[in-house]
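Below: the structure, in structure tokens.
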Amino acid sequence: MIELILGKYNYWIYITLMMIGFYAMISKNNLIKKIIGMNIFQTAVFLFYISIGKVSGGTAPIVWDGAVRYENPLPHVLILTAIVVSVSTTAVAFALIIRINRAYGTIEEDRILEINRQGTGE
Amino acid sequence: MNLVENFPALVVIVPLISAVLIPPAGRISKAFAWYIAVTASALSFAISGFLLNSVLKTGRISYWFGNWEPPWGIEYAVDYLNGFVLVVVSFIAFVVSVYAKKSVEDEIPENKITFFYSAYMLLVTGLLGIIITADIFNLYVFIEISSLSGYTLIASGRRKAALVASYNYLILGTVAATFILLGIGHLYMVTGTLNMADLAERLPQLYHSKVVLTAFAFFTVGLSLKLALFPLHIWMPNAYTYAPSAVSAILAATGTKVGAYALLRIMFTVFKLDFDIHVVPFTKIMLVLSSVAIIMGSVLAVAQTNIKRMLAYSSVGQIGYIVLGASLAGETAMAGSLLHILNHALMKGTLFLAVGAMVYRTGIEDISELRGMGRKMPLTMAAFTIGAFSMIGVPLTVGFVSKWYIALGALETGMWYFVPVILISSLLTAVYFWRIIENIYFKSAEHAGQVFEAPAGMLVPTLLMAGLCIFFGTAASLPVSVAQKAAKMLLAGVM
């Protein structure tokens, strides 16, 4: 049991963070808070990727005399791309929220739904 | 190095470069933006056609980026399956880009038009990239490119409800893409490779590993969200209803089809059929879900009063057909499912283009206000009617061909109980389209109106698509032969 928790702590951390983010995305009423949740959700996945690049006893992947094993740099490179994607998604989401705020005068989801229900959304 | 050798890369790079060129060109003259978009999508279509043709002649084409041999480098590959989907998507992208000119002038604020075309070309880049890539991480990157440009396009109109629809799509789309990313990470953990063919080779020894099962679960949920399979379709109706007409047309005709393609690619070539049936009951789960999607999509469509929303719910049902055909896991049904990718793209494209032309002229979206429209816009409504008959599955239209193959495939695999599902849904489809046809042809308008047909720039693409609905319904041998080859390939699990 302790082996399961301590030996695989990186997975526990990523799953916990991911669920916190997921919860915020589902349950928060404020559009900005949902995006904060989304960022936590995505960051959890980044941590997962970074942790799988770890090779026990490995050093930084730079060729030098005396290096026996290297860490695997590929997951790190992959996640750089995913970080860029995450930043762009956040930017698009913020742009949308700014326009929603201008059009509806609020960024609370229940208020927006109420306004949509009253009007036709034109 | 000659040009033809680089065609697999150019399919994606031409629209990508055009997306970069459009904003500066649009500063010089607004007209340039549209010309560049049309030229680039026409080029992509021509290249796709050439690629499919050479695949049919010589077999799979593999392209190595920077000449790095796979699995180390990124590989682009064209085979029967994605050559076929590539041609479908690039063709629709071309037709809609021609159509977009008038409709965009009407629906998008003038200072945003240039950026609209730029985002449109990025969407096309993403969709074509998803189809052609043979590298699973590259697939994720293209999914995000197409999704991000999709969110901006949906929100680009003047309606404020579109903003909320786009925001909700963004949240769910990100969940989907992140799940796919996690799936990729788990596969990489146990195999150490990202190339699809290499993964397919290494995975069978690991089929019972818990990590592979987790990856499979993430892929299933992520991709089902992307293609809007029934319980995960909630982002779709609002997005299609409030988006500008041209955007609804391209997303409905190609966006979800590309999701379906990605599902087929991962579930039948990266994982093999053996895994889907014997290790996890994937095909069984999908059979149930898709049948529910087919019925529920049609039932919900009957209940709608807004015509665009009705078409969106009908898409939920039609996506069910594609998944049903694939999960029956027989050659005929699989061919039917692939044909439905082409056929649904054609008929949904026709319907959304016709509705867009109608909205452009009249602004009407409510079904009850369509009275007498058949006299006011005879050609547009004729195209709409052809699309509607095709959705119902009337013989001599494309809808009949693919439904026939799926039903035949269900009988062939001994699962006859899916035939009534197809029949009931066709009946419901007839019900919800009949309401419209009755209104436009058999009820006279309150004010005797004059004819005011849509402008030629919108009418010609709409009629072209409607014509193809009939053409491929009567002369189905070409798409059928390609789909059968692709189906054979998918079920054998070869790349």
message: I want to confirm something. Restricting to the stretch B:225-246 and keeping residues that are open to solvent by 10 Å² or more (accessible area, probe 1.4 Å) and under 15 Å from the mean Cα position of the chain (by Cα), which single residue is farthest from B:L181 (Cα to Cα)?
response: B:H233
message: Tell me the residue from B:F94, B:F115, B:F84 that is within 22 Å of B:M334 (Cβ to Cβ), in a helix (DSSP H, G or I) and of a type in the set (F, W, Y), please.
response: B:F84
message: Filter the stretch A:6-57 down to the residues that are more than 10 Å from chain B (Cβ to nearest Cβ), among the charged types (D, E, K, R) and part of a helix (DSSP H, G or I) and list them by number.
response: A:K33
- request: List every residue pair whose Cβ atoms lie under 8 Å apart, where the two residues are 6 or more positions apart in sequence or sit on different chains, the first residue falls within the stretch B:284-312 and is in contact (Cβ under 8 Å) with a residue 40 or more places away in the chain, and the second residue, located anywhere, is open to solvent by less than 10 Å² (accessible area, probe 1.4 Å) and outside any helix (DSSP H, G or I).
  value: B:L287/B:L328; B:L289/B:L229; B:S290/B:L229; B:A293/B:L229; B:I307/B:L370
Filter result (part of a helix (DSSP H, G or I), over 18 Å from B:M189 (Cα atoms) and of a type in the set (G, A, S)) within the stretch A:58-99: A:S86, A:S88, A:A91, A:A93, A:A95
- prompt: Between a first residue in the stretch B:165-188 that is farther than 16 Å from B:L148 by Cα and among the charged types (D, E, K, R) and a second residue that is at pLDDT 95 or above and assigned to a helix (DSSP H, G or I), which pairs have beta carbons less than 9 Å apart while being 6 or more apart in sequence or on different chains?
  reply: none
statement: Every listed condition ((1) surrounded by 23 or more Cβ atoms within 10 Å (Cβ to Cβ); (2) more than 12 Å from chain A (Cβ to nearest Cβ)) holds for B:A217 save (1)
query: Across the stretch B:116-134, which residue is nearest to B:T193 (Cα to Cα) among those that are within 12 Å of chain A (Cβ to nearest Cβ) and open to solvent by 10 Å² or more (accessible area, probe 1.4 Å)?
result: B:L122
- prompt: Listed residues A:L96, A:L74; which is more than 16 Å from B:G173 (Cα to Cα) and at the interface with chain B (Cβ under 9 Å from one of its Cβ atoms)?
  reply: A:L74
- prompt: In the list B:I295, B:I322, which residue meets the criterion of being part of a helix (DSSP H, G or I), modelled with pLDDT under 95, within 19 Å of B:S425 (Cβ to Cβ) and open to solvent by less than 10 Å² (accessible area, probe 1.4 Å)?
  reply: B:I322
- prompt: Inside the stretch A:29-60, can you point out the residues that are under 26 Å from A:F94 (Cα atoms) and of a type in the set (S, T, N, Q)?
  reply: A:N29, A:N30, A:N39, A:Q42, A:T43
message: Take the conditions facing chain B (nearest Cβ under 10 Å), surrounded by fewer than 16 Cβ atoms within 10 Å (Cβ to Cβ) and hydrophobic (A, V, I, L, M, F, W, C) and apply them to A:V63. Does it pass?
response: no
Selection within the stretch B:360-383 - in a helix (DSSP H, G or I), in contact (Cβ under 8 Å) with a residue 24 or more places away in the chain and over 16 Å from B:V96 (Cα atoms): B:R361, B:I367, B:S368, B:M373, B:G374, B:R375, B:K376, B:P378, B:L379, B:M381, B:A382
- prompt: Going through the stretch B:151-168 one residue at a time, which ones are more than 10 Å from chain A (Cβ to nearest Cβ) and either open to solvent by 10 Å² or more (accessible area, probe 1.4 Å) or closer than 18 Å to B:G222 by Cα (or both)?
  reply: B:S156
query: Has the stretch A:37-51 got any residue that is over 26 Å from B:L170 (Cβ atoms) and either open to solvent by 50 Å² or more (accessible area, probe 1.4 Å) or in contact (Cβ under 8 Å) with a residue 40 or more places away in the chain (or both)?
result: yes
field: Residues within the stretch B:337-359 that are open to solvent by 10 Å² or more (accessible area, probe 1.4 Å) and modelled with pLDDT of 90 or more, tallied
entry: 1
message: Residue under question is B:E69, and the condition is that it be more than 21 Å from B:G259 (Cα to Cα) and assigned to a helix (DSSP H, G or I); does it hold?
response: no
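The values are calculated or read from the model by the stated rules, or taken from the named source; none is laboratory data. Here the structure is a predicted model, which means the values were calculated and not measured. Positions of Cβ are generated from backbone atoms using ideal geometry, with glycine treated the same way; all protein chains shown enter the neighbour counts. Heavy atoms of the whole protein, side chains included, go into the accessibility calculation; ligands, DNA and RNA do not. Shrake-Rupley method; radii C 1.70, N 1.55, O 1.52, S 1.80 Å.
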